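The values are calculated or read from the model by the stated rules, or taken from the named source; none is laboratory data. These numbers come from a predicted model, not from an experiment. Note that we place each Cβ from the backbone using ideal geometry, even for glycine, and neighbour counts take in every protein chain shown. The area values use the complete protein model at the heavy-atom level, side chains included, leaving out ligands, DNA and RNA. Shrake-Rupley method; radii C 1.70, N 1.55, O 1.52, S 1.80 Å.
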Amino acid sequence: MADLSAHEKFLRGEPLTPELKALRDGRDAPSFALPSAPERKAFDNPTREFTRAERLDLKEFKEMPGWQLYLRIVERTMLFHQKRAISLSQDDPLTNRDQIANAWAYCSMARRVAAELEAVVNAEVGLDHNPPKR
């Protein structure tokens, strides 16, 4: 019988490679190395100065769609806190004034954190000549 093409072998249910034949026969399959997860750097000292490479990475990140996505997430967080504060204010503002005050405080903190993060990023990539004090 002539040699069959891979397609004809497939249609007949014959294994295409010796490894597949070993698997079909119940023998141990060759071990395949699974890809390893990308190595993450351990969190180091947050007060150390950024390296030139890190600044370039940050500048590149600001130019990529991921930065706009990050800003959307930040905006959603601020809107969440604002809607919660408004909702608490509308229900019964006289009986839950402590909860309302907390909700508006979180709203204010979210806005401040977002503004400070953006200012720090701009300062590190050289877009701001007056970096915030740490």
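Scan segment 52-74 for residues that are over 15 Å from Asn122 (Cα atoms) and free of Cβ contacts under 8 Å to residues at least 24 places away in the same chain and report the count.
Here the count works out to 6.
Return the residue satisfying two criteria in turn: it lies in segment 106-126 and is under 16 Å from Gln82 (Cα atoms) and among the charged types (D, E, K, R), and of such residues it is most open to solvent (accessible area, probe 1.4 Å).
Once the filter is applied, the top-ranked residue is Arg112.
Kindly evaluate Asn102 against the criterion of being in a helix (DSSP H, G or I), closer than 23 Å to Glu54 by Cα and not aliphatic (A, V, I, L, M).
No; evaluated as a whole, the condition is false for this residue.
Table: residues versus (1) assigned to a loop (DSSP other than H, G, I, E, B); (2) closer than 30 Å to Pro15 by Cβ; (3) open to solvent by less than 80 Å² (accessible area, probe 1.4 Å); (4) at pLDDT 80 or above.
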{"site": "Pro30", "(1), (2), (3), (4)": "yes, yes, yes, no"}
{"site": "Leu34", "(1), (2), (3), (4)": "yes, yes, no, no"}
{"site": "Thr95", "(1), (2), (3), (4)": "yes, no, no, yes"}
{"site": "Asp128", "(1), (2), (3), (4)": "yes, no, yes, no"}
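Can you pull out the residues in segment 84-115 that are basic (Lys, Arg) and in contact with a helix residue (DSSP H, G or I) (Cβ under 9 Å, 6 or more places away or on another chain)?
Correct list: Arg84, Arg111.
Out of segment 41-90, which residues are open to solvent by 60 Å² or more (accessible area, probe 1.4 Å) and of a type in the set (Ser, Thr, Tyr)?
Thr47, Thr51, Tyr70, Thr77
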